[in-house]
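See structure below.
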Amino acid sequence: MSQLPSDVSAELNPDPRPGNRRDFVKSAGLAALGLATTPLLLSSCDTKPAPVAETQPAAAGGGAHGLSFPAGFLWGTATASYQVEGAVNVDGRGPSIWDTFSHTPGKIANNDTGDVACDFYHRYKEDTQLIKSLNAKAFRFSIAWSRIFPTGKGAPNQKGLDFYNRLVDELLANGIQPFATLYHWDLPQALQDQYKGWQGRETAQAFGDYAGYMAEKLSDRVKHFFTLNELWTFIQLGYGDGVFAPGLKLPPAELNQARHHAVLAHGLAVQAIRAHGRPDTRVGLAENIKVAVPYIETPEHIKAAEIATREFNAGYTTVILEGKYTDTFLKNAGANAPKFTAEDLKIISSPLDFCGINIYNPEAYVRAADNAEGYEKIPFAKSHPTSTSKWELLAPEVLYWGARHMQNIWKVKELYITENGCSGTDELTPENRVNDTDRVAFLRGYLSQLQRAVTDGAPVKGYFYWSLVDNFEWASGYGIRFGLFYMDYKTLKRYPKASAEYFRTMAQQNAVL
Ligand code: GBH
């Protein structure tokens, strides 16, 4: 058991019941579901088998002590640079599009900015102890490109690199594996100014160079890299809807081209990481795959959900894993389709070692339909429950189907849930407690479904809860809280929520409890 940091230990039960690690336990009666599906396509994700412990055969047990995960299942939490670091003018960091956007009045709730955020830049040691207190053995963080290359390219900034060196060393010294994301939306402002950001192919090129540099510098210690986080989100909301940085509302042809440059950047980064990283460096992506959930788990609806999922992700995961845009995608785009070469598609679909999926809510419930598409969406009920984030329609089974679709549609051999989490009202009591029963219920429900997916053979090797600590929630500012630890933004003190104790017990026992 890891030690709790002294200032928070009083908040957590210091002596949860002893570990009861068991191997893989079948959740009886559920294993048959979803197995009737046929793989549609070959994937580029399966070329390098993972050196990860094999799932153990079923052992005795189940029931009283919860639903177990296989031995070696990785429990972690996640954050992103702009959301937690603060220290925006420190040690030579260049400005990013999120500095510009958050400082534009009216763009962010309450006009909040990431100037201070959680001050993770200075408190990463304290936060490493929080991670350790959760019994988490992995931490997913992102690197601020403009700390390394203040203008996106050119001469690297040693002081920026040194911060990530210190962070990685601190994590490793505490038995926590670093999983590094190279881009979580904080594009160097200079690249936005010079090339119109992702509208310019040059930005993709610069990203490849930066990725190669990071692999060269960190891959002696960082073994897992993610290229870009959630291409859908930063392209659609940043360049299409204008609600995220850089706040553009591009017409379809230009939006499609920007999206193409982002997937190209992913491929160039994969190649650069292979070229410059140590031979055992492993690379994947972290995409918020749009999941179609079969509204009844019968073969025909499951099939419909697979068809729908492949189309929902046509401009992102599908082209990355298949090396082509789907016919429907190109037909719908018509004259606005992106311009690309066969060579681009080869780069975009460079083989990956694993896939990360960020999953919160389904894109849609679907059913089989006798139409050209082969599926139809069932609109969400107005009363469908959400978290305090109104977009977060709650449906624990989305975690099951996200994992199963990756396995069945694209034959992915190694998967991580790179984000999953729940926002809540999170009030601090006079005793400094946060009774986030909603988040505990969320974790129990979603992780039960994840355990079912693993039991049914989905190759999920780990789970990263979003987020370690409340942080800058983009356009929603600090009003929306996702953390296992509560942030008092006035004092920058962190307090464990009830969900932190819940998580640490699950991580310790490797089971849903
Ligand atoms: C993730 O996105 C992000 O990777 C992470 O940085 C973020 O903090 C976390 O989720 C929680 O939101 O502003 O109403 O237009 C999850 C997918 C896509 C969900 C964008 C919120 C914005 C809705 N997100 N969406 S809105």
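Bear in mind that the values in this text are calculations on the coordinates, not laboratory data. For clarity, every value in this text was computed on a predicted model and none was experimentally measured. Cβ: placed from backbone, ideal geometry, glycine included. Neighbour counts: every protein chain shown.
Give, in whole angstrom and from largest to smallest, the semi-axes √(5λ) of the equivalent ellipsoid of the chain, with λ running over the eigenvalues of the Cα gyration tensor. Intermediate results must be reported in sequence, preceding the final value.
Values: eigenvalues 191, 179, 99 Å².
Working through the eigenvalues yields semi-axes of 31, 30, 22 Å.
Which of the lysines could a cross-linker span from Lys107 if the Cα-Cα distance has to be under 26 Å and same-chain partners fewer than 8 positions apart are dropped?
Hits, sequence-local ones excluded: Lys196, Lys249, Lys290, Lys390, Lys490.
What FRET efficiency comes out for the pair Lys493/Lys331, r = Cβ-Cβ distance, R0 = 41 Å, nearest 0.05?
Values: r = 55 Å, r/R0 = 1.33.
The value I calculate is 0.15.
Just want to confirm a number: the relative contact order over the range 88-133, from Cα pairs under 8 angstrom separated by 6+ residues, in percent.
Values: 20 pairs, mean separation 11.8, N = 46.
Relative contact order comes out at 26 percent.
What ranking do Asp127, Asp169 get, fewest neighbouring Cβ atoms within 10 angstrom at the top? Numbers along the way, then the final one.
Working: Asp127 25, Asp169 12.
Arranged by neighbour count, lowest to highest, Asp127, Asp169 become Asp169, Asp127.
Gap in Å between the Cα centre of the range 335-357 and the Cα centre of the range 220-245?
15 Å
What does the charge add up to near Asn408, with Lys and Arg as +1, Asp and Glu as -1, over the other residues with Cβ less than 11 Å from its Cβ? Walk me through the intermediate numbers first.
On the way: positive: Lys303, Arg310, Arg404, Lys411; negative: Glu306, Asp456.
Here the charged neighbours net out to +2.
Just tell me which lysines come within less than 18 Å, Cα to Cα, of Lys346; anything on the same chain fewer than 8 places away is out.
Output for Lys346: Lys48, Lys324.
What is the range 340-446 by shape, rounded, prolate or oblate, if you read a ≥ b ≥ c off the alpha carbon gyration tensor as root eigenvalues and call it rounded for a/c under 1.5, prolate for a/b larger than b/c, and oblate otherwise? Kindly include the intermediate steps, with their values, before the conclusion.
Working: a/c = 2.64, a/b = 1.56, b/c = 1.69.
Judged from the Cα gyration tensor, the range 340-446 comes out oblate (a/c at least 1.5, b/c at or above a/b).
Which of Trp75, Trp145 has the fewest other C-beta atoms within 10 Å, and how do the rest follow up to the most? Walk me through the intermediate numbers first.
Values: Trp75 20, Trp145 28.
Lowest count first: Trp75, Trp145.
Roughly what percent of Cα-Cα pairs across the range 389-513 reach past 18 Å?
Values: 4200 of 7750 pairs.
So the pairs more than 18 Å apart make up 54 percent of the total in the range 389-513.
Full-extension gain between Trp391 and Lys249, please, as 0.36 nm times their residue separation minus the C-alpha to C-alpha distance.
Details: separation 142, 0.36 × 142 = 51.12 nm, distance 2.03 nm.
Full extension of this stretch gives 49.1 nm more.
Where does each of 483-492, 95-104 land if you order them by average Cβ count within 10 Å, highest first?
Values: 483-492: 19.2, 95-104: 21.5.
The peptides rank, most packed first, as 95-104, 483-492.
Using the alpha carbon gyration tensor of the range 115-192, what are the three equivalent-ellipsoid semi-axes (square root of 5 times each eigenvalue), largest first, in whole Å?
Details: eigenvalues 125, 30, 26 Å².
Calculated on Cα positions only, the semi-axes equal 25, 12, 11 Å.
Can you put His266, His224 in order of Cβ neighbours within 10 angstrom, beginning with the fewest?
On the way: His266 31, His224 22.
The order, fewest Cβ neighbours first, is His224, His266.
Report the relative contact order of the chain, percent, no decimals, based on alpha-carbon pairs under 8 angstrom and at least 6 residues apart.
Numbers: 1131 pairs, mean separation 105.6, N = 513.
After rounding, I find 21 percent.
Need one number: nm distance between label points at Asn174 and Lys339, each 7 Å from Cα along Cα→Cβ, rounded to one decimal.
5.0 nm
With no solvent and one point per C-alpha, what does the Debye sum give as log10 I(q)/I(0) for the range 269-335 at q = 0.14, 0.15, 0.29 Å⁻¹?
Debye intensities relative to I(0), on a log10 scale: -0.59, -0.65, -1.18.
Take the Cα coordinates of the range 106-160, assign each an equal point scatterer, and use the Debye formula without solvent to give log10 I(q)/I(0) at q = 0.16, 0.22, 0.25, 0.30 Å⁻¹.
-0.75, -0.98, -1.01, -1.11
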